[in-house]
1. (1) within 16 Å of the ligand (Cβ to nearest atom); (2) over 17 Å from residue 28 (Cα atoms): which one isn't true of residue 74, the others all being true?
2. Output the qualifying pairs, or none if there are none: Cβ atoms under 6 angstrom, residues six or more apart or on different chains, first residue in segment 87-108 and under 21 Å from residue 184 (Cα atoms), second residue more than 16 Å from the ligand (Cβ to nearest atom) and at pLDDT 95 or above.
3. On the basis of being closer than 21 Å to residue 119 by Cα and either at pLDDT below 95 or under 18 Å from the mean Cα position of the chain (by Cα) (or both), does residue 153 make the cut?
4. Quick check on this structure: which one of 140, 157 is closer than 22 Å to residue 80 by Cα, touching a strand residue (DSSP E or B) at 6+ places or on another chain (Cβ under 7 Å) and surrounded by 13 or more Cβ atoms within 10 Å (Cβ to Cβ)?
5. Scan the helices (runs of 4 or more DSSP H) fully inside segment 1-87 and keep the ones with 1 or more residues being within 20 Å of residue 104 (Cα to Cα).
6. Can you name the residue in segment 106-137 that is assigned to a helix (DSSP H, G or I) and near the ligand (Cβ under 10 Å from one of its atoms) and, of all such residues, is farthest from residue 86 (Cα to Cα)?
Ligand code: GAR
């Protein structure tokens, strides 16, 4: 059985989708949900599912990203994860962290990469007049939002869309895409998933 750790910073809806997918004959199980934000909504959702949780608060390491990541690595290594899923984890990770788990970190990003790396993806898609938007799951490498794409889901942009309405259309697709990619990834299958 593959062991999956999930890193969150907020409400954890993608974490829930991932955790709830890992049941029955799925080849993986969630072993830890870790947040850098104390009180993040996703922590209670993980606890309700009986998943171990942890908090490594980046604010406890002001100006010292190295010490923050050392604490993160220590807690994660204690859970011996085979795969680490970033699910709305809003801290940039350094090459030191990424190299420690090379080839084992996935991220979900709310754009059709390589478009709109970074923040405010939906607003940027609307400003650009894009006809479609979506989300991507990719392997995490040292380049921000730049690793190999393992799956994408597309939605249409509708007239009158705001960043909020577009996000509300993309999020349910995130919840389908991420479990679909993870299910392949844990078996060593890196064939990209395309939704719908
Ligand atoms: C999701 O939309 C995810 O794609 C995005 O944050 C949200 C987290 O929601 N991630 C990023 O923007 C990463 N740069 P959730 O906590 O409900 O899963």
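The values are calculated or read from the model by the stated rules, or taken from the named source; none is laboratory data. Keep in mind it's a predicted model, so treat the numbers as computed, not measured. No Cβ is skipped: glycine too gets one built from the backbone with ideal geometry, and neighbour counts run over all protein chains shown.
1. (1)
2. Hits for this filter: 104/83.
3. For residue 153, the condition - closer than 21 Å to residue 119 by Cα and either at pLDDT below 95 or under 18 Å from the mean Cα position of the chain (by Cα) (or both) - is met.
4. 140
5. 13-21, 65-78
6. Per the stated criteria, the residue is 122.
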